[in-house]
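Q: The following block contains the structure, expressed as structure tokens.
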Amino acid sequence: MWLYVAALVGLYLLQRWYRERQMVENLTEKYAFITGCDSGFGNQLARQLDAQGLRVLAACLTPEGAEQLEKVTSDQLKTTLLDVTSTESVAAATEWVKTCVGNKAMWLYLAALVGLYLLRRWYRERQMGENLTEKYAFITGCDTGFGNQLARQLDARGLRVLAACLTPEGAEQLEKRTSDRLKTTLLDVTSTESVAAATEWVKTCVGNKGLWGLINNAGTANPTAPNEWLTKKDFVSVLDVNLLGLIDVTLHMLPFVRKAKGRVVNMSSVLGRLSFIGGGYPISKYGLAPDIQESYGQKFLKMYCKMMQHSKTYSGKNLRLVTDRIEHALTSRHPRARYSAGWDAKLLFLPASYWPSWVVDWLFLVFLYVTAHTS
């Protein structure tokens, strides 16, 4: 036993000796500020670090102490006067240090802060919630797309998924690809009666446990087109699903979410930040008035159709870019308030939302023209 303990102590001392012998790189480019350098430890340390090649900034209480230190050190060492009991003296020394180290130290300081923030966020976001297999998640719009992928993904994680589909066929197909834990119901978010029925169904399923996650995924992009091609009914049909339907479902489900102290995840779009015409659906479904046809012309219509067909090639095929973030929002102990899916959103669309409107409009026009003439 004693031999085992001695071996452990020996290994620990060896490891510590090895670690402590590893020196920091580029010491000659690093600054060290030392107070109390007139004599004693401060004076000795200033001379010692100066001999090591560091850029020493030595603060002395008296001019005599500073003068004596400069005589026994290299030209690289610099001195200043400092009385640590005087706020004015400390402020003056701070400005002096700032002048000596320049922007290099400031950038290093900022980089360190950013690094620490990212490291802390990474650590916090890796902490997962407990008892996920006992938590319920209600998802709208599970027939296809993000909702379907998310339902299967959360089911694989062990959550009790309550999937709302618009059609019986969508519900049936989803049930075939998931476990017995997943349950489906029919829901039309534009119908208050349908929402009320789904609410009663959820109440029966969750019982006293409440609803851990409410994911408002149901949405539509059609019909969309240049404004003159649309009617008021077209705008209402989109708002009924994407906004009013979301509000209706949320208001009905909030008591269950509150009971479980759960979370609400609302799906949005980058087009909420950047306005852009889109969608070829109305072209095939609506007849345009003769004066509008004449105003836009056949050339624009053909170019627009080509652009919309070609733009599909730019759409991402990896649904998990979105669903992974929703999963994190539901399962992490420290979820973010907002998520952006994909580097195009982070590096292009979000920054572009802060640009002047005329710049964004011009870029969209260039995109429309180029895609139409290369398709």
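The values are calculated or read from the model by the stated rules, or taken from the named source; none is laboratory data. As the structure is a prediction and not an experimental result, all values here were calculated from the model. For neighbour counting, all protein chains shown are included, and Cβ atoms are generated from backbone atoms with ideal geometry for every residue, glycine included.
Q: Quick test for you: out of 120, 152, pick the one residue that is charged (D, E, K, R), at pLDDT 85 or above, in a helix (DSSP H, G or I) and over 30 Å from residue 175 (Cβ atoms).
A: The unique qualifying residue is 120.
Q: Kindly indicate whether residue 206 is in contact (Cβ under 8 Å) with a residue 60 or more places away in the chain and in contact with a strand residue (DSSP E or B) (Cβ under 6 Å, 6 or more places away or on another chain).
A: Taking the combined requirement at face value, the residue satisfies it.
Q: So which helices (runs of 4 or more DSSP H) are wholly in region 175-275 and hold at least 2 residues that are modelled with pLDDT of 90 or more, surrounded by 14 or more Cβ atoms within 10 Å (Cβ to Cβ) and not aliphatic (A, V, I, L, M)?
A: The qualifying helices (runs of 4 or more DSSP H) are 192-206, 245-260.
Q: Somewhere in region 7-27, is a residue crowded, with 16+ Cβ neighbours inside 10 Å and under 48 Å from the mean Cα position of the chain (by Cα)?
A: Checking region 7-27: not a single residue is crowded, with 16+ Cβ neighbours inside 10 Å and under 48 Å from the mean Cα position of the chain (by Cα).
Q: Go through region 52-70 and give me each residue that's among the small types (Gly, Ala, Ser), surrounded by 15 or more Cβ atoms within 10 Å (Cβ to Cβ) and over 22 Å from residue 85 (Cβ atoms).
A: Result: no residue meets the conditions.
Q: Return the pairs, sorted by first residue and then second, in which the second residue is surrounded by 12 or more Cβ atoms within 10 Å (Cβ to Cβ) and β-branched (Val, Ile, Thr), the first residue lies in region 336-357 and is within 21 Å of residue 117 (Cβ to Cβ) and touching a residue at least 40 places away in the same chain (Cβ under 8 Å), the beta carbons are less than 6 Å apart, and the residues are 6+ apart or on different chains.
A: Within 6 Å, the pairs are 345/270.
Q: So which residues in region 69-81 are out of contact with any strand residue (DSSP E or B) (no Cβ under 8 Å at 6 or more places or on another chain) and in contact (Cβ under 8 Å) with a residue 12 or more places away in the chain, if there are any at all?
A: Within region 69-81, 72, 74 qualify.
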